[in-house]
Amino acid sequence: MMLGFADARLIDPEAGTDRRGTLLVAGGRIAAVDGPLPGEATVIDCAGKCLAPGLVDVGVQVGEPGARHKESFRSAGLAAAAGGVTTLVTRPDTDPPIDSPEVLEFVTRRARAETPVNIRPMAALTKGRAGREMTEMGFLLDAGAVAFTDADRVVSDTRVLTRAMSYARGLGALILGHPQEPGLSRGACATSGKFASLKGLPGVAPMAERIGFDRDMGLVEMTGARWHADQITCARTLPALERAKANGLDVTAGVSIHHLTLNEFDVGDYRTFFKVTPPLRAEADRVAVVEAVAAGLIDIICSMHTPQDEESKRLPFEEAAPGAVGLETLLPAALRLYHAGALSLPQLFRAMALNPARRFGLPAGRLSPGAPADLVLFDPATPSVLDRFTLRSKSKNTPFDGARLQGRVLATWVAGVPVHGETAVAAAGG
Amino acid sequence: MALRARHLLGIEPLAPDEITALLDLAERHAGRNRGGEKHTALLAGLTQINMFFEPSTRTQASFELAGKRLGADVMNMSVAQSSVKKGETLIDTALTLNAMHPDLLVVRHPASGAVDLLAEKVACAVLNAGDGRHEHPTQALLDALTIRRAKGRLHRLTVAICGDIAHSRVARSNLILLNRMENRVRLVGPPTLMPAGVGELGCEVTDDMREGLAGADVVMMLRLQKERMDGGFIPSEREYYHRYGLDAEKLLHAKPDAIVMHPGPMNRGVEIDGTLADDIRHSVIQQQVEMGVAVRMAAMEMLTASLRAARAG
């Protein structure tokens, strides 16, 4: 079956273009761009709305196994489809953690049965995420792991980490690190500074991120491992990242949408939905990190989707669980950066689709013939006020509750199959 | 005059005229407290619950006495020993209490912001008796009243707040109040006990006692919060006393008529010299305790006035 998109505003992150055109899908793949749409194709009239590669979201937490009441593969899949996210790269910080091929197979099986979108799991770097022994990386790679990480737990024993990195290098595996000096960040729930001091919250200095990053760069240089920083959130870390890339290390970096669109003051009167890891930063850091994304220094924007139930959040700020859901708000929140003139749409989709797909070895993220037809159709202009109870995620812990957002996902396709939305389907002439 | 907010969660939301009104009212209560007939019926028929999630003797006693002198029915709950140990959340505890229809809830909690959270869930007026490292508004008010009585004014004074600023809610509330009333505030303490970015809050910061005390009208010492220290903030108590403990020699750098304050309980020989603490030429520490009851009476009277007005309206 062939599917044609007429009168679309094509956002092509690979070519860096944003222009009117047509797109033809056949056999679940993109068959042609800008060609005539054949008569037998079902044609969707996009009416000038944006058609882009579906988002590839790196670092999504799903509650399976262990916390299905917070998020199941089914609810995560529905949320992703509604948010225009066509591939989830999931985190292994589940309970138990995804640290053996058996658990990974369980996850893959559940994901395949329950979700309409692509799931690419990451596996733990060390057994039990305990930072002592490396996992069976070879078996895990064979079972489909796309990267290895202990998520927000830093492997503080450098000998263990060095060996894991060396072993991973032998396998050509990607490691996802969490740049943070755990001694400095222990017990902290805010960024140290005027705000944390006034609110009486234990803070961590931004330098803790730089120190963690510098240590990891030393080990990357020593072992030659392929390495990706899950989140770079401070201006102080950026020169070190630039240096690492200039020195030819195989290093990339990500940042969460929350650190790009919110700052520490948003916590206000101890609003726990704004408690994330690492904590929200000063406005100067936010601006610097946005600029780093625009310059291509930071490669990937992700949602760091972390579902938490009401009970985990209805606590004093220090005791509340960190994390925010983000699958459904990733694109509308990212469009704030577009509307503010900080990033173009091709730049946004480079950071949210093309770059993550490339880095994690996936064929998605492109609008070129041969690429999978994972697509999102959206209107960047439609305004809305978010009501968190309309989210499809089982957990409603979004910092954007009540926020004015501009941009709405109209429809999503995975391998040419519609997984979200209703679109006007018009028969092509003849 | 009533307070604009339903609760007293901190000094931060208070306007200067509200602070002045609270202190004026407290002044009247202080006068009555010194007389023979201490009891009034201003809060008669109202229920006050003191809920302390953190052990406290002095503050709890002060609130209890304040409520009783105003004629309220006062109940003390030491939650530190009860349901929290059974896994009940703060919100459930709040809802349980709310169902008993109190009119005033006095709350102390070890986590910053916990009292704000609780206040959202109850129908009565909430009075913050100290939340984590955040605020302790009645302490700052009683300090302000003590200063005003000793100095005759509460503006254009140089106040040095000394010691463990980082872990102190007393320091935060005092800093906000004294700034709001247009005083010059200095924070003095070792860098390890000084919170980050505090210099941006409109005060001078120094780690030298002599420099910090120079020309001060008021020297406010803080308790070295031993129970809060994760360890390693200072090398030893004796070195701390040597560099930061207030003694007669260091006090010479302040104005000759400077007053010495301490929120209590004191560690004599750690942050303050025992003889100096008892020296009535400088020390107003006992007056602070006295003003504590008066200020709490004033705060409760004004909160319940707002509550009654809201219920009538």
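The values are calculated or read from the model by the stated rules, or taken from the named source; none is laboratory data. This structure is a prediction, so every number in the text was calculated from the model and none was measured. Virtual Cβ from ideal backbone geometry, glycine too; neighbours counted across all protein chains shown.
Look at (1) more than 17 Å from the chain's Cα centre (by Cα); (2) surrounded by 20 or more Cβ atoms within 10 Å (Cβ to Cβ) and you find that A:HIS305 fails only one, number (1). Residues in the range A:346-359 that are surrounded by fewer than 22 Cβ atoms within 10 Å (Cβ to Cβ) and not polar (S, T, N, Q): 2 in all.
Taken as a whole, the structure places A:ARG210 among residues that are basic (Lys, Arg), assigned to a helix (DSSP H, G or I) and in contact (Cβ under 8 Å) with a residue 12 or more places away in the chain.
Quick one: count up the residues across the range A:10-43 that are assigned to a strand (DSSP E or B) and more than 24 Å from the chain's Cα centre (by Cα).
Filtering the range A:10-43 for residues assigned to a strand (DSSP E or B) gives A:10-12, A:17-26, A:29-33, A:42-43.
Pick out the ones that are also more than 24 Å from the chain's Cα centre (by Cα) and you get A:19-26, A:31-33, A:42-43.
Here the count works out to 13.
Counting just the residues of the range B:92-121 that are away from chain A (no Cβ under 14 Å) and free of Cβ contacts under 8 Å to residues at least 40 places away in the same chain, which one comes out nearest to B:ASN183 (Cα to Cα)?
Our first condition is that a residue be away from chain A (no Cβ under 14 Å); within the range B:92-121, this holds for B:96-106.
Still in the list and also free of Cβ contacts under 8 Å to residues at least 40 places away in the same chain: B:96, B:98-99.
Values: B:THR96: 42, B:ASN98: 39, B:ALA99: 43 Å.
So, considering only residues that are away from chain A (no Cβ under 14 Å) and free of Cβ contacts under 8 Å to residues at least 40 places away in the same chain, the one nearest to B:ASN183 (Cα to Cα) is B:ASN98.
Please work out which residue is surrounded by the fewest Cβ atoms within 10 Å (Cβ to Cβ), limiting yourself to the range A:148-191 and to residues that are in a helix (DSSP H, G or I) and within 14 Å of chain B (Cβ to nearest Cβ). Selected residue: A:GLY183.
Inspection of the range A:9-23 identifies no residue that is touching a Pro at 6+ places or on another chain (Cβ under 9 Å), without any contact (Cβ under 8 Å) to a residue 60 or more places away in the chain and farther than 14 Å from A:LEU377 by Cβ. Just for the range B:15-70: of the residues that are buried (at least 19 other Cβ atoms within 10 Å of the Cβ), among the aliphatic types (A, V, I, L, M) and assigned to a loop (DSSP other than H, G, I, E, B), which one is nearest to the chain's Cα centre (by Cα)? Among those residues, the one meeting the criterion is B:LEU70. Just one of the listed residues (A:VAL56, A:VAL60) is at pLDDT 95 or above, closer than 25 Å to A:ALA321 by Cα, under 23 Å from the mean Cα position of the chain (by Cα) and buried (at least 18 other Cβ atoms within 10 Å of the Cβ), and it is A:VAL60.
Consider the range A:295-311 and keep the residues that are within 13 Å of another protein chain (Cβ to nearest Cβ) and touching a residue at least 12 places away in the same chain (Cβ under 8 Å). The one that is farthest from A:TYR270 (Cα to Cα) is A:ASP309.
Scanning the range B:280-294 for residues that are over 24 Å from B:GLN60 (Cα atoms) and in contact (Cβ under 8 Å) with a residue 12 or more places away in the chain gives a single hit, B:HIS282.
Looking at the range A:312-330, which of the residues that are away from every other protein chain (no Cβ under 14 Å) and out of contact with any helix residue (DSSP H, G or I) (no Cβ under 8 Å at 6 or more places or on another chain) is surrounded by the fewest Cβ atoms within 10 Å (Cβ to Cβ)? Full working, then the answer.
Taking the range A:312-330 and keeping what is away from every other protein chain (no Cβ under 14 Å), we get A:322-330.
Narrowing further to those that are out of contact with any helix residue (DSSP H, G or I) (no Cβ under 8 Å at 6 or more places or on another chain): A:322-323.
Values: A:PRO322: 19, A:GLY323: 23.
That would be A:PRO322.
Considering each residue of the range A:44-53 in turn, none proves to be without any contact (Cβ under 8 Å) to a residue 60 or more places away in the chain and more than 20 Å from A:LEU331 (Cβ to Cβ). The single residue among A:LEU343, A:LEU362 that is within 23 Å of A:GLY28 (Cα to Cα) and assigned to a loop (DSSP other than H, G, I, E, B) turns out to be A:LEU362.
Considering only residues in the range A:281-299 that are surrounded by fewer than 20 Cβ atoms within 10 Å (Cβ to Cβ) and of a type in the set (Asp, Glu), the one that is farthest from the chain's Cα centre (by Cα) turns out to be A:GLU283. Here A:ILE175 meets the list (1) within 30 Å of A:LEU405 (Cα to Cα); (2) touching a His at 6+ places or on another chain (Cβ under 9 Å) almost entirely, failing just condition (1).
Sort through A:ARG129, A:ARG169, A:ARG153 and tell me the only one that's of a type outside the set (A, V, I, L, M), in contact with a Pro (Cβ under 8 Å, 6 or more places away or on another chain) and closer than 19 Å to A:HIS228 by Cβ. Testing whether each residue is of a type outside the set (A, V, I, L, M), in contact with a Pro (Cβ under 8 Å, 6 or more places away or on another chain) and closer than 19 Å to A:HIS228 by Cβ leaves just A:ARG129.
Of all residues in the range B:100-156, exactly one satisfies the criterion of being among the acidic types (Asp, Glu), outside any strand (DSSP E or B) and under 12 Å from the mean Cα position of the chain (by Cα), namely B:ASP143. Apart from one condition, A:PHE213 fits all of (1) under 30 Å from B:LEU9 (Cβ atoms); (2) more than 14 Å from chain B (Cβ to nearest Cβ); the exception is (1). Scanning for something more than 16 Å from the chain's Cα centre (by Cα), buried (at least 20 other Cβ atoms within 10 Å of the Cβ), assigned to a loop (DSSP other than H, G, I, E, B) and modelled with pLDDT of 95 or more, does the range B:214-231 turn up at least one residue? Yes: the range B:214-231 contains one or more residues that are more than 16 Å from the chain's Cα centre (by Cα), buried (at least 20 other Cβ atoms within 10 Å of the Cβ), assigned to a loop (DSSP other than H, G, I, E, B) and modelled with pLDDT of 95 or more. Being away from chain A (no Cβ under 14 Å), hydroxyl-bearing (Ser, Thr, Tyr) and over 25 Å from B:VAL115 (Cα atoms) is not true of B:THR192.
Within the range A:195-230, how many residues are within 30 Å of B:ASP131 (Cβ to Cβ) and within 21 Å of the chain's Cα centre (by Cα)?
Let us first name the residues in the range A:195-230 that are within 30 Å of B:ASP131 (Cβ to Cβ), namely A:195-209.
With within 21 Å of the chain's Cα centre (by Cα) added as a condition, the list becomes A:209.
So the answer is 1.
Residue count for the range B:154-189, restricted to those that are small (Gly, Ala, Ser), within 14 Å of chain A (Cβ to nearest Cβ) and touching an Asp or Glu at 6+ places or on another chain (Cβ under 9 Å): 3.
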